[in-house]
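Each reported figure results from applying straightforward, stated rules to the coordinates on display, with no laboratory input. Remember, predicted model here, so these are calculated numbers, not experimental data. Neighbour counts run over all protein chains shown; Cβ positions are idealised from the backbone, glycine included.
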Amino acid sequence: MKRAWTLPMLLALCGAAGAAGLVLDGSTAGAVALLLLFFLLAGTHSPLVFPRPLGALEAERRSAADGRPVVHWRPGCRYCLRLRVRRGRAHTGPDPAWVREQLTG
């Protein structure tokens, strides 16, 4: 778990260091913009956006238990990230039975 947070923490620290340098030079607006950019990058590379993946067997087991479909994604994929951001984590799709019917029929 610690390894997953290494890159986001490094990005946040680099952004904070760069912002501190800009504040010392008198550019507060630039510092805020740089800090926001680095925090956004840190957030998109964190496990908050792409949680730890399950193995295929575990995903199939959970799908059989609760009826949810298995969604395949790849960490760092910009299309997967865009879909995750647009749909959100709390959004639910159609009924799994309906999806299975559409896929088999």
Practice item. Would you mind listing how long the stretch 1-48 runs along its three principal axes, going by Cα atoms, in whole Å with the largest first? Key: 38, 14, 8
Point to revise | Degrees, to the nearest 10: 56-66 long Cα axis against longest axis of the chain | key: 70
Exercise for review: Compute the acute angle (0 to 90°) between the alpha-carbon long axis of helix 78-87 and the principal axis of greatest extent of the alpha-carbon atoms of the chain; round to the nearest 10°.
Suggested key: 80
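May I ask you to work out the translational diffusion coefficient for the chain at 37 °C, viscosity 0.692 mPa s, via Stokes-Einstein with Rh from the Kirkwood sum over Cα pairs, reported in whole µm²/s? Mind dumping the intermediate values first?
Values: Rh = 16.6 Å.
Rounded to a whole number, D works out at 198 µm²/s.
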Point to revise | Cysteines, the chain, no other Cys beta-carbon under 4.7 Å | key: Cys14
Review point. Across the stretch 5-10, in residue order, what do the Karplus-derived ³J(HN,Hα) couplings come to in whole Hz, using 6.51 cos²θ - 1.76 cosθ + 1.60 with θ = phi - 60° and x for Gly and Pro?
Key: 9, 5, 5, x, 5, 5
